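The numbers here are math on the coordinates, done by the rules we state, and not lab data. Only a predicted model underlies this, so the values are computations on that prediction, with no experimental measurement involved. Using ideal geometry, Cβ is built from the backbone for each residue, glycine included, and neighbour counts are taken over all protein chains shown.
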Amino acid sequence: MTSHFAIEARGLSKHFGDLKAVSGLDLDVPRGEIYGFLGPNGSGKSTTIRMLCGLLTPTEGTATVLDTVVPGDARRLKPKIGYMTQKFSLFGDMTVTENLQFIAEIYSYDRSGRTARISELLEKYDLIAQARQLAGTMSGGQKQRLALACSVLHHPELLLLDEPTSAVDPQSRRDFWANLFRLAEAGTTIMVSTHYMDEAERCHRLAILDRGVKVADGTPRELQSSTGMHIIEVTADDPYHAQEALDHGKHIASVTQLGVRLRVLISETVSDPLAVVENLLGSHGVKADVHQTAASLEDVFVAVTMPPEERAA
Amino acid sequence: MKSHSRLLAITKKEVRQLRRDRLTFGMIVGIPVIQMLLFGFAINMDVRNLRTAVADQANTHLSREFITKLRETQVVDIVEYVDTPSELNERLRIGAVSVGVVIPADFDRRVIDPARPAIHLLVDGSDPTIANIAIQLRNMPIAFDTGARQTRVNNIEVRPNYNPERRTPVNVIPGLMGIILTLTMMMFTAVAIVRERERGNLELLINTPVSSAELMIGKVIPYIVIGMIQLALILFVGDALFQVPMRGSVVDLYLASGAFIAANLALGLVISTVARTQFQAMQMTFFVLMPSILLSGFVFPFDGMPRFAQYLGEILPVTHFIRLTRGIMLRDAALAELYPELIALGIFTVIAMTMAALRFTKRLD
């Protein structure tokens, strides 16, 4: 029986001694989608991905990946998944082609189609010029393309990517995402962890993790419309003083400076948020343009990761 | 069939990486050759030319004759003459000489009196080899062509079988073979696997369909070949430079070496499952190497060691291998006659392999 979901996890937890890296995680990742995993460093993203591919045994809970229970049946799962580690894990002392050949052999890729598949990947991932270069001597972006090429060589149904873009420049990131969309269109389910908001925004669906707990999930749009916060944008000539005026004011949940603008989060339970901000600014003699706006993913992130007492401030 | 090709893929990759790693490649040839040159030429256990000082308080015709005979043995090299025994002690203490000979003033009378020692030997006991040799000097016959009665000394003639000329390299090189293979086999395997862990390659590999057994065996195969190459190299250098005999069968020696290499690779695998860094792997290799040199019978005679040390020595694969190599190369023993050593190596390999397989899982936790 084939599930509609590529990944289903219930109450997945991993404790390292006293450290609860992941607690009680429920996940439903539909097939053929790009599913984002957003969270700061140490929020449990890598641990979760490692549990899902059977590298770590969950302390509690269960996970079914491509209709296979992990870590129990991880062996059966391996040929169907591709995994790109956070750190470059290919062989630096072998050339690009040699690395691809090795991966093809390890996955017992059909011998007659091997050479054609490798040339196809070299072309698709723009590595033709580097084909004979030692992998260890390439740039961050080239290494990342090689790692992606290796992880998709055997046509996996599910691709798990652990912070794939943390070591590359913005142009490489854009190209990388173009590749991911192409793979998703061809039917591959992709789970990608990141701490970049702009990347999270490109995902079909995402989960936000904070200290090992899933604090929100849904499509980016759903998340943006359900923050439970008013978003007020304040444009001031003197943002520093404006921030001082607002920082510890009544009802203000958070203030974030973006250039000359401030984004102010106020709980939805407050009926007239604009008046709250204007009064606070006025009482400190700060002149500013104040208007309400729609939530960005960054606002969502700030809202869902803040402690409850600040939320209700 | 599929598994077969995955194993081959790992081996192929390992060889490819090894070829590019000049340092390791150099060590494969360099370690055996350099160690053989060092040990073969430098270790000399038949002691000659011990620096000696003499205090001849008699200074008679007889005492001078005795000194001449002493010099003729070539065991001692008389470098100075002093007046009193206390001066001899002084020379010994500062290390200027290793042996002091005191000839008492009444030497002539003592020679014919069996109840009293004619000569006093002062020996630097801080070096065990020198002490042993000097004790043998005690048995030197003191025969004089004077009218005095012949002194009868029962000196035992020792005929060293298998190494009649008492050349040290003949004894050292079969043992050194074991030490070199222990060092290189254990270190190369342990480091090769730990390096992949350190570089993150292992996280990629364990996410592929490759199994633990394929991974381990595939990585180890090239090192078995390297071990055999090193063995050939040692035999060649041993024969060419030190004329170490090869009295038994070469096939037997290679079979014995195969068992020994397997034991060391298994131990290397165990180390690789414990060590987190290459540096730790090296340290653990040396932790095994030191007792392998000292407790295996390579340096000190096994029978002379305390019981406890002998038990420890029996655990080490190299102890059994040295018995095999000395047996095959020097005594022309057949492998079948030395079967207890082979069984010991087999048991060691099985235990170590089981430990490694149990510890090495395809998981990170």
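Seen from every direction in turn and averaged, the convex hull around the alpha carbons of segment A:159-249 projects onto 8.8 nm². The ellipsoid equivalent to the alpha-carbon distribution of segment B:50-137 has semi-axes of 20, 14, 13 angstrom, derived from the gyration tensor eigenvalues as √(5λ) and listed largest first.
Taking a straight line from the alpha carbon of residue A:250, these lysines sit under 27 Å away, with near neighbours fewer than eight places off in the same chain left out: A:287. Helix A:140-152 and the longest principal axis of the C-alpha atoms of chain A enclose an angle of approximately 60°. Global size of segment A:227-311: 11.6, 32 Å for Rg and Dmax (C-alpha atoms, Rg to one decimal, Dmax whole). Based on Cα contacts under 8 Å between residues 6+ apart, chain B shows a relative contact order of 19 percent.
Between the beta carbons of residue B:5 and residue A:197, assuming R0 = 35 Å, the FRET efficiency works out to 0.20 to the nearest 0.05.
Enter the mean number of other protein chain beta carbons within 10 Å of the beta carbon of each residue in A:76-88, as an integer. Please report the intermediate quantities before stating the final value.
On the way: counts 1, 2, 7, 2, 1, 2, 2, 5, 2, 6, 2, 5, 4.
Mean partner-chain Cβ count within 10 Å for A:76-88: 3.
The mean count of C-beta atoms from other chains within 10 Å of the C-beta of residues in B:205-217, rounded to a whole number, is 4.
Charging the Cβ of each Asp and Glu at -1 and of each Lys and Arg at +1, and nothing else, the dipole of the protein assembly as shown about its Cα centre rounds to 2340 debye.
At R0 = 41 Å, how high is the FRET efficiency between residue A:2 and residue A:137 if r is their beta carbon distance? Nearest 0.05 is fine. Walk me through the numbers before you get to the answer.
Numbers: r = 43 Å, r/R0 = 1.06.
Rounded to the nearest 0.05, the efficiency is 0.40.
In the protein assembly as shown, the calculated helix contribution to ellipticity at 222 nm averages -15500 deg cm²/dmol per residue, counting -39,500 (n - 2.57) for every DSSP H run with n ≥ 4.
Out of all DSSP beta bridges in segment A:5-223, what portion is antiparallel? Express it as a percent rounded to 5.
Values: 22 of 39 bridges.
Around 55 percent antiparallel, to the nearest 5.
Segment B:213-275 and segment A:27-87 have their alpha-carbon centroids 42 Å apart. Pairs spanning more than 31 Å between alpha-carbon atoms, out of A:20/B:13; A:78/B:13; A:143/B:219; A:214/B:219: A:20/B:13; A:214/B:219.
Give the Rg/Rh ratio for chain B, taking Rg as the radius of gyration of the Cα atoms and Rh as the Kirkwood radius, to two decimals.
1.14
Among B:13, A:287, sorting on how many other beta-carbon atoms sit within 10 Å of each Cβ, with the fewest leading, yields A:287, B:13. Peptides B:306-315, B:175-184 ranked from most to least packed by the mean count of surrounding Cβ atoms within 10 Å: B:175-184, B:306-315.
Mind checking A:90-101 for the average number of partner chain beta-carbons within 10 Å of each residue's beta-carbon?
If you average over the peptide's residues, the count of other-chain Cβ atoms is 3.
Here each label is just a point 7 Å from Cα along the line to Cβ, and for residue A:238 and residue A:110 those points are 7.3 nm apart. Note on chain A: dipole from Cβ charges, positive end direction compared against A:301, A:36, A:246; the farthest Cα belongs to A:36.
In whole percent, what relative contact order does segment A:179-300 give with Cα contacts below 8 Å and a gap of six or more residues? It would help to have the intermediate numbers written out before the result.
Values: 168 pairs, mean separation 32.3, N = 122.
Answer for segment A:179-300 is 26 percent.
Kirkwood hydrodynamic radius of the protein assembly as shown, from the reciprocal of the average inverse Cα-Cα distance over all distinct pairs: 31.8 Å. Be a star and scan segment A:117-144 for residues whose amide nitrogen sits under 15 Å from the point 7 Å along the Cα-to-Cβ vector of residue A:175. Counting only backbone N, you get A:121-131, A:138-144.
Which angle between 0 and 90 degrees, to the nearest 10, do you get for helix B:128-137 versus the longest principal axis of chain B when only C-alpha atoms count? Result, in degrees: 40. Look at A:13, B:63 and count the other Cβ atoms within 10 Å of each Cβ; fewest to most, that gives A:13, B:63.
In order along segment A:29-43, phi translates into HN-Hα couplings of 10, x, 5, x, 10, 9, 10, x, 10, 9, x, x, 4, x, 8 Hz, rounded to whole numbers, per the Karplus curve 6.51 cos²θ - 1.76 cosθ + 1.60 with θ = phi - 60° and x for Gly and Pro.
From the alpha carbon centroid of segment A:213-280 to that of segment B:279-309 is 71 Å.
Distance between the modelled labels on residue A:293 and residue B:113, one decimal in nanometres: 11.7 nm (7 Å Cα→Cβ projection). Phi angles across segment B:63-77 convert, under the Karplus curve 6.51 cos²θ - 1.76 cosθ + 1.60 with θ = phi - 60°, into 3J(HN,Hα) values of 5, 5, 5, 4, 4, 4, 5, 4, 5, 5, 5, 6, 6, 10, 10 Hz, Gly and Pro given as x. Here r is the Cβ-Cβ distance between residue B:106 and residue B:37 and R0 is 60 Å; the resulting FRET efficiency, rounded to 0.05, is 0.70. By the Kirkwood approach, averaging reciprocal distances over each pair of separate Cα atoms, chain A gets a hydrodynamic radius of 21.5 Å. Under the criterion of Cα pairs below 8 Å and six or more residues apart, the relative contact order for segment B:1-125 equals 23 percent. The C-alpha atoms of chain B define a longest principal axis, and helix B:22-42 lies at about 20 degrees to it.
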